[in-house]
Amino acid sequence: MTINLGKTTSQFFTLNTQHFTANLAYRRCLLQHNDVSTNLGCILDNKLKLTKHVEHIVSKAKKTLSILKRLAGAKWGCGRATFNNIYKNYV
């Protein structure tokens, strides 16, 4: 397995209020430090809070709901069965 140093970052998880930084290196190349990272689709900050992840999910849901609002128009839009299938797939 090869390590892509351009994508490799470090993140420290702590409940301490003081900002902690350390210079980590791999093969004499310093690793970039991030306070927020995505692991297996879950966005975590350095305090292990899911607020960034929830904000991301809410923004995706708002985009989907605006599309569904457009499709559910009374005068213009798709049929009820089609709308139900689209709703079940997105939600």
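Listing for the model above:
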quantity	calculated
Residue match in the range 16-27 (condition: assigned to a strand (DSSP E or B), at pLDDT 90 or above and open to solvent by less than 70 Å² (accessible area, probe 1.4 Å))	yes
First in the range 52-68 and more than 19 Å from Cys42 (Cα to Cα), second anywhere and surrounded by 11 or more Cβ atoms within 10 Å (Cβ to Cβ), Cβ under 6 Å, 6 or more apart	Thr64/Tyr90
Yes/no for Asp35 being in contact with a helix residue (DSSP H, G or I) (Cβ under 7 Å, 6 or more places away or on another chain) and not basic (Lys, Arg)	no
Complete set of residues in the range 51-91 that are hydrophobic (A, V, I, L, M, F, W, C) and at pLDDT 90 or above	Val54, Ile57, Val58
Residues being among the small types (Gly, Ala, Ser), in a helix (DSSP H, G or I) and either more than 31 Å from the chain's Cα centre (by Cα) or loosely packed, with under 11 Cβ neighbours inside 10 Å (or both) - total across the range 55-83	3
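The values are calculated or read from the model by the stated rules, or taken from the named source; none is laboratory data. These numbers come from a predicted model, not from an experiment. Reconstructed Cβ throughout: ideal geometry from the backbone, glycine too, with neighbour counts over all protein chains shown. All accessible areas refer to the heavy atoms of the entire protein, side chains included, with ligands and DNA or RNA removed. Shrake-Rupley method; radii C 1.70, N 1.55, O 1.52, S 1.80 Å.
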